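Here is the structure we will look at, set down as structure tokens.
The values are calculated or read from the model by the stated rules, or taken from the named source; none is laboratory data. Here the structure is a predicted model, which is why all the values come from computation and not from measurement. Cβ placement follows ideal geometry from the backbone for every residue including glycine, while neighbour counts extend to all protein chains displayed.
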Amino acid sequence: MAVDNLMTRRFPRSFPARRAERGVVAIEFALVFPILFAIFYAAVTYGFVFMLNQAMVFAAEEGARSAVRVADPAKVEAEVEKVVDDRLAWMPAWARDAREVSVSGPDAEGRVTVDLEFPGSSLPLAPLVLPGIGEVPRIPDRFRARADIVLSPRSSP
């Protein structure tokens, strides 16, 4: 009997303060979760967009560098496109097919310009619409990357 009395004093069966707070955790979760999810989703999608942009810049730069290795100016464009395709091989097929590569040059000064474009509308990202903020993430209509290189004049032996 002494044990029963001890348990009753320590843990009374009625908790009036606890009963009033029942469900508060669920309400707090319902209020905080959308904000945390929006922050997480924005961080992941912005990270993907930045990664795509950096990959395009890298591919354009590598394509321009590959122009230096080509002896025949008529074959520069084919070599540049091959290198750009190799650098973007990690992308899914639908994304590689959507990109546009344009190579100009070498001109009279030996300049080769590589332009790489990718339509932002073809990305499989669903933007969240947040009140007061708008769409998250704001994806550009077109991603663009450009790289220039000036080829040194080749001396013929």
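Looking only at region 90-142, count every residue that is in a strand (DSSP E or B), free of Cβ contacts under 8 Å to residues at least 24 places away in the same chain and hydroxyl-bearing (Ser, Thr, Tyr) and tell me the total.
2
If you go through region 120-148, how many residues are modelled with pLDDT of 85 or more and not basic (Lys, Arg)?
Of the residues in region 120-148, 4 are modelled with pLDDT of 85 or more and not basic (Lys, Arg).
I'd like the full set of residues that are under 17 Å from the mean Cα position of the chain (by Cα) and more than 20 Å from Arg142 (Cβ to Cβ), limited to region 31-60.
Within region 31-60, Ala38, Ile39, Phe40, Tyr41, Ala42, Ala43, Val44 qualify.
Give me the residue from region 75-105 that is of a type in the set (Gly, Ala, Ser) and modelled with pLDDT under 80 and, out of that set, surrounded by the fewest Cβ atoms within 10 Å (Cβ to Cβ).
If we take residues in region 75-105 being of a type in the set (Gly, Ala, Ser) and modelled with pLDDT under 80, then Ala95 is surrounded by the fewest Cβ atoms within 10 Å (Cβ to Cβ).
What number goes with the only condition from (1) among the charged types (D, E, K, R); (2) more than 24 Å from Ala55 (Cα to Cα); (3) surrounded by 14 or more Cβ atoms within 10 Å (Cβ to Cβ) that Asp115 does not pass?
Going through the list (1) among the charged types (D, E, K, R); (2) more than 24 Å from Ala55 (Cα to Cα); (3) surrounded by 14 or more Cβ atoms within 10 Å (Cβ to Cβ), Asp115 breaks only (2).
Working only within region 1-45, note down all residues that are closer than 30 Å to Arg146 by Cα and either of a type in the set (S, T, N, Q) or modelled with pLDDT of 85 or more (or both).
Scanning region 1-45 gives Tyr41, Ala43, Val44, Thr45.
Taking Phe58 as the residue in question, decide whether it is of a type outside the set (Lys, Arg), in a helix (DSSP H, G or I) and either touching a Lys or Arg at 6+ places or on another chain (Cβ under 9 Å) or in contact (Cβ under 8 Å) with a residue 40 or more places away in the chain (or both).
Judged against the criteria, Phe58 is a match.
Hey, among the residues in region 61-74 that are among the aliphatic types (A, V, I, L, M) and either over 25 Å from the mean Cα position of the chain (by Cα) or over 16 Å from Ala147 (Cβ atoms) (or both), which one's surrounded by the most Cβ atoms within 10 Å (Cβ to Cβ)?
Per the stated criteria, the residue is Ala67.
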